[in-house]
Amino acid sequence: MKLLNQNLPHGANIDRDISLMLELPENDRFFKKKKKLLEDMCSRAKHASIHSSASPGELESSLLLMLQRARIINLDELELYFGGEDVMDMVGFNSPRNEMEALNSILTSIAKLDGEHCSTTTLEELRIAAVDLISELGKKCKEESKVVTQSSCEPEKCLQQWGEDQGVKSQLEISYFEGAGRGAVARQDMRIGDIALEIPLSIVISDDLVHEYDMYSILEKVEGMSAETMLLLWSMKEKHNPDSKFKLYFNTLPEVFNTGLSFGMEAIMALDGTLLLEEIVQAKEHLRAQYDELFPSLCNDHPDVFPPEQYRWEQFLWACELWYSNSMKIMFTDGKLRTCLIPIAGFLNHSTCPHIMHYGKVDSTTNSIKFPLSRSCNAGQQCFLGYGSFSSSHLLTFYGFLPQLDNYYDVIPLDIDVASNEDCADTDPTPDWTSHMVRGTWFSKNHGIFHYGLPPPLLDRMRRSRNPSLQSMTLTPESLEIEFEILGDLCSMFEEMRDGLGDPELDNRETTSWDVKLAVDFKDLQRRIFSSIVASCEAGCELVECEMQRYTL
């Protein structure tokens, strides 16, 4: 967003319109797709002209135009895939992440214009309106989080005090939450842009730290040794170091991480019928193979540096789970992206609509990592961090939880070849969708004919595999026959997948072990997704049949 009338002298009191523009960066990975969507808007939202005496209705209309454009600019790959080619399906709400990014980009641009134009009152009204929309989003996506008052946070309080002594600036307090473990509570009301937490680089654990230890000279000579693996091995030893600078940090870490990687056999078996079963088994096999490549050879060759009692398989798995569940990717001032552990920051819980979204870069001015708010957080409220655009299967496997809210990234990849016809790639206007997926159809905005709540790229591929010359969907007997076949195939496929999950568990989950409960909850989620697709296919068949009957009358 930028000011078009930039030749006005600073502070000039001239009654002119404010023209704001949101630009699509040319280096955007999906520039062509987004550009087409923006062009399909007929440039309605390219710029919004706002008069200094604009009415509330006019301001609301201008903000909506900017928001529609900002939504398209901030679409990610999944949102583009499930949204399709129809711009009217894309200018509305796409996901909490997209909405937060869009509204915050508008706020950032308004802040850049503030003071550069005479109509500062109008800009302030526009800013307040955007903030109100973010607030409404937060209310719709509110997560229940009850503090467990009887739980002691003494180790965490000691760590917080140590952090503050080391230069940490925090507006957060660590607490225990019912059903979620530790999390962060706002000490006071915080608004968008406020820094909830600032961590000096001096207490961040990164690969640079390993260079100071004896093990580095040994590990750097090991073929294929990565910085991440070095940190794993460092963590296993440092955990037992009574003189460690990070002793208070290690004191706050659990003896056992309850992630999918620690699932017992009963929980693994409870995942039967899901792709997650194979994913967890393969992940553990990969880690075991990695461990076997390192040990016992390192212990045998260097027992003084790698004591056997500190490098057993269980301890290696613990370190892997530590880094999977607590590490963050941070861009350093030298341009390198490093995997780091950030004391105190690791306590923040994840949300699909977090308060903090952008935090992965070292501030060169303060030599610290800052955690600014993308939406306000009131005193006593749990402050959530966005871990990333992860599916529930990923969060379960590597973090050990399932999101409380609906997860827009709960996709199921499809291992089907529907583009076998050689002519298909030549006629398909979106050949870059080389893989396909589905998700719960309750996320879809369009359940009408030719849509059915299903991803448009998948439907287009399946149509063109049957009729490569198909250019557009029209209500003809031939196209309707193809629709009926496609919906029937998809319905059969997902009925089989749903039935493969078995019947819903009837056991009392209050007395079930943590891992079995998580496995059953995940299986229920998969069943819900499959059932929604089957229901949408069945409803789609009814729509198609109604249209087909018109041609038989």
* How about the range 358-385: which of its residues are touching a residue at least 40 places away in the same chain (Cβ under 8 Å) and touching a Pro at 6+ places or on another chain (Cβ under 9 Å)? -> T366, N367, S368, I369, S374, R375, C383, F384, L385
* Structure fact -> Within the range 247-271, of all residues that are farther than 30 Å from L414 by Cβ, hydrophobic (A, V, I, L, M, F, W, C) and assigned to a loop (DSSP other than H, G, I, E, B), the one most open to solvent (accessible area, probe 1.4 Å) is V256
* D460, sole failed condition from (1) within 30 Å of the chain's Cα centre (by Cα); (2) open to solvent by 20 Å² or more (accessible area, probe 1.4 Å); (3) within 23 Å of Q526 (Cβ to Cβ) -> (3)
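Taking the condition of being in a helix (DSSP H, G or I) and surrounded by fewer than 16 Cβ atoms within 10 Å (Cβ to Cβ), how many residues in the range 228-246 meet it? Give the steps one after another, and end with the answer.
Looking only at the range 228-246, we keep the residues that are in a helix (DSSP H, G or I), and these are 228-238.
Of the ones still in play, those that are also surrounded by fewer than 16 Cβ atoms within 10 Å (Cβ to Cβ) are 228.
Residues that pass the stated criteria total 1.
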* Asked: Restricting attention to the range 214-245, which residues are of a type in the set (F, W, Y) and at pLDDT below 95?
  -> none
* To do: Identify the single condition in (1) open to solvent by less than 20 Å² (accessible area, probe 1.4 Å); (2) under 30 Å from D460 (Cα atoms); (3) modelled with pLDDT under 70 that L20 does not satisfy, given that it satisfies every other one.
  => (2)
* When you go through F257, F263 one by one, which is the residue that is of a type in the set (A, V, I, L, M, F, W, C) and modelled with pLDDT of 95 or more? -> F263
* What about E285, is it acidic (D, E), open to solvent by 20 Å² or more (accessible area, probe 1.4 Å), under 29 Å from the mean Cα position of the chain (by Cα) and at pLDDT 95 or above? -> yes
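Quick check, is L458 in contact (Cβ under 8 Å) with a residue 12 or more places away in the chain and touching a strand residue (DSSP E or B) at 6+ places or on another chain (Cβ under 6 Å)? Show your work before the answer.
Details: in contact (Cβ under 8 Å) with a residue 12 or more places away in the chain: yes; touching a strand residue (DSSP E or B) at 6+ places or on another chain (Cβ under 6 Å): yes.
Taking the combined requirement at face value, the residue satisfies it.
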* So which strands (runs of 3 or more DSSP E) are wholly in the range 299-406 and hold at least 2 residues that are crowded, with 22+ Cβ neighbours inside 10 Å and either among the hydrophobic types (A, V, I, L, M, F, W, C) or at pLDDT below 95 (or both)? -> 368-372
* Among the residues listed as L276, L322, L271, L287, the single one being more than 28 Å from G502 (Cβ to Cβ) and touching a residue at least 40 places away in the same chain (Cβ under 8 Å) -> L322
* To do: Looking only at the range 525-540, decide whether some residue is part of a helix (DSSP H, G or I), open to solvent by 40 Å² or more (accessible area, probe 1.4 Å) and at pLDDT below 95.
  => no
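May I ask you to verify whether S145 is touching a strand residue (DSSP E or B) at 6+ places or on another chain (Cβ under 9 Å), part of a loop (DSSP other than H, G, I, E, B) and crowded, with 17+ Cβ neighbours inside 10 Å?
Criteria met by S145.
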* Structure fact -> For the range 92-103, pairs from a residue that is within 15 Å of F82 (Cβ to Cβ) and among the aromatic types (F, W, Y) to a residue that is in a helix (DSSP H, G or I) and open to solvent by 10 Å² or more (accessible area, probe 1.4 Å), with Cβ under 8 Å and 6 or more apart or across chains, are F93/R71; F93/E99
* Structure fact -> When L475 is run through (1) in contact (Cβ under 8 Å) with a residue 24 or more places away in the chain; (2) within 30 Å of H394 (Cα to Cα), the failure sits at (2)
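For residues that are hydrophobic (A, V, I, L, M, F, W, C) and in a loop (DSSP other than H, G, I, E, B), scanning just the range 407-438, find the one that is modelled with the highest pLDDT. Can you show your working first?
First, pick out the residues of the range 407-438 that are hydrophobic (A, V, I, L, M, F, W, C): 411-412, 414, 416, 418-419, 424-425, 433, 437-438.
Okay, now just the ones that are also in a loop (DSSP other than H, G, I, E, B), so 411, 416, 418-419, 433.
Details: V411: 96, I416: 68, V418: 48, A419: 46, W433: 82.
Checking each candidate, the answer is V411.
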* To do: Please state which of the following conditions T274 fails to meet, knowing it meets all the rest: (1) loosely packed, with under 15 Cβ neighbours inside 10 Å; (2) of a type in the set (S, T, Y); (3) within 29 Å of the chain's Cα centre (by Cα).
  => (1)
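The values are calculated or read from the model by the stated rules, or taken from the named source; none is laboratory data. Predicted model, so just to flag it, every value in this text is computed and none were measured. Using ideal geometry, Cβ is built from the backbone for each residue, glycine included, and neighbour counts are taken over all protein chains shown. The accessibility values were calculated without ligands, DNA or RNA, using every heavy atom of the protein model including side chains. Shrake-Rupley method; radii C 1.70, N 1.55, O 1.52, S 1.80 Å.
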